[in-house]
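Everything below concerns the one structure shown next.
Taken together, the values in this text are just the output of simple stated rules run on the coordinates, not laboratory data. Everything numeric here is computed off the predicted structure, so don't read it as measured data. Cβ: placed from backbone, ideal geometry, glycine included. Neighbour counts: every protein chain shown.
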Amino acid sequence: MSSRPTIDDIPYELINEVLKLVILQHDASEVWSTFGESRTTLLLVSRRWNDIIIKTPAFWNVIRIHAYRLRSKSTEVDNEPHKQHVLKLDQIRAAALRSGTLPRRLHLNSSNSDEERLLQGIVNLIQSITNWTFMSLQTWDHRLVQQIFSIEEAPLQDWSALSELRIHKCWRPHDVDVEDPGSNGTNGTSISLYMSPERFPSLREVMISEWWLKICQLPWAQLTDLDLALIPGPFSDCLEVLEKSSSLERLKVRVNHHVVNSDPFKLRHITLHKLQDLELDLDRASDVIPSFLFHLTLPSLINLSLKEGVEVYHPHFLTRAALQLVQRSGAKLQYLDIRLMTDIDVEERDEIFIATLLKVTPSLRMVCLGAAHITGLFLTDMDDHCLPNLTHLYVDNHCRDRGINDTAAQTFVEWVKRRVLDTGDLVQEVNHEEGKKVSPRKFYYCVFSTPLKDFPCALKAEVAKLRDEGCPVTLDNSLSI
């Protein structure tokens with residue numbers, strides 16, 4: 001009589017497929033991925049599974065380092081925390097070697113205590129590994145990043161495959177002199193992040209969050225994707241970077257602090273010929289940002305996203321600047337996303353600029369508008385046939401005035417009726433010339449209000465009738481899109 005089958009009796013081919021599914025279900029590249037825990041669980045299934053996983057490079061090419069820095073009193077090599085630290089680094093190094101020749105990804109998260117010294121050996125560990133393609137560094141101490149990308153001419157591993165770098169929350173300490181006479185930069189400025197195009201020829205995507213751009217020397221001209229979260233200081237630092245970034249295709253600028261310029265009306269004009277995606281996320285008021293848009297030309301722009309927080313009090317400057325940017329550039333936008341948190345006194349001017357922007361951009365396929373006190377004026381001021389390529393329209397109204405909400409919803413529904421029914425442009429999947437199917441159109445109106453208030457019964461009945469006739473209109477009184 002045969003013995004009872006065990007999990008080790010599963011053919012290797014099936015086990016391999018199971019492991020592939022685990023890798024696919026867990027995005028190991030995400031910062032907070034649980035992939036490591038899942039890998040440990042699989043290692044404990046049996047000796048056979050342990051052996052297979054250890055010999056599978058795809059389980060080991062994502063390296064995570066949590067730098068919980070040791071205190072200054074833990075410098076002795078026989079100190080127990082130091083021994084644990086060295087053991088942990090050895091384990092990480094051994095795990096990294098199991099990935100073989102696969103591209104490697106690094107996630108480093110360090111402590112933010114200024115009273116603790118840098119964890120010994122981390123920089124040496126990172127520099128001893130080759131074939132990095134992605135690095136995410138989250139640290140509050142610029143010295144750690146500076147040591148990883150050493151400006152010294154010491155022999156280092158080949159990092160020519162590195163294509164993406166993300167630096168999070170990396171404030172520059174106040175005790176470091178920007179105007180250091182003995183610096184390695186230009187104009188007497190100390191360089192804390194140095195990456196030469198010779199050593200990093202594949203670098204294309206960079207995200208820098210809250211870092212002094214003045215102390216960065218990167219191969220800007222070869223970058224295609226740039227994400228900047230600005231810190232308090234002159235906006236001219238950002239402009240100098242953009243002037244050098246002639247190959248950019250995507251640009252995101254986040255303003256979480258007040259940025260200034262000595263004279264916002266004398267900004268240099270910048271043309272980025274290849275830029276297709278522009279996203280501005282503003283949480284602080286700053287006149288220099290609309291002025292920047294007035295001096296920007298983007299002839300290849302396809303996607304434009306403008307978002308303002310509750311502390312921005314002059315949105316009409318931004319919407320007017322966006323309108324002039326599109327007109328000046330001759331851009332053929334396909335996606336427009338504008339989110340404004342404003343008061344009612346300026347909202348009408350916003351809607352007028354938005355309506356004009358929609359009328360002069362017939363190439364638009366998707367429009368998202370979110371704001372406080374939307375009255376629907378931008379819809380009444382538009383010709384029914386001005387957006388022949390439009391497939392999706394989203395309106396997210398943040399308003400506590402029920403009268404304004406109901407009026408805007410009614411205006412929205414009336415526009416959809418004229419747009420869809422009167423033109424015979426019903427929602428259907430049709431075959432494209434190349435045999436592909438066109439996505440169904442969608443027109444969506446959402447009210448963000450507390451407490452939640454339902455739409456008038458007559459309006460809901462009208463929408464239900466439209467949907468029965470094939471009209472893709474939706475009214476939603478939930479909290480957000």
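A few remarks follow.
- Ranking of LYS465, LYS359 by count of other Cβ atoms within 10 Å, fewest first: LYS465, LYS359
- Stretching the chain fully between TYR335 and HIS66 yields a gain of 92.9 nm (0.36 nm per residue, less the alpha carbon separation).
- Computed label-point distance, nm, for sites ALA461 and ASP476 using a 7 Å Cα→Cβ extension: 2.6 nm
- FRET efficiency for HIS269 and LYS88, using Cβ-Cβ distance with R0 set to 45 Å, rounded to 0.05: 0.30
- Over 31 Å (Cα to Cα) - which of LYS169/LYS442; LYS83/LYS214; LYS307/LYS332 fall in this group: LYS169/LYS442; LYS83/LYS214
- Extension gain, GLU198 back to THR380 (0.36 nm per residue minus Cα-Cα distance, nm): 59.9 nm
- Residues TYR12, TYR445, arranged from fewest to most other Cβ atoms within 10 angstrom of their Cβ, appear as TYR12, TYR445.
- Approximating the spin labels as points 7 Å out from Cα along Cα→Cβ, the ARG349-to-LYS169 distance works out to 3.8 nm.
- Cβ-Cβ FRET estimate between LEU102 and ASN50, R0 fixed at 25 Å, reported to 0.05: 0.80
- Two-site FRET efficiency, VAL18 against LYS252, from Cβ-Cβ distance with R₀ of 35 Å, rounded to 0.05: 0.35
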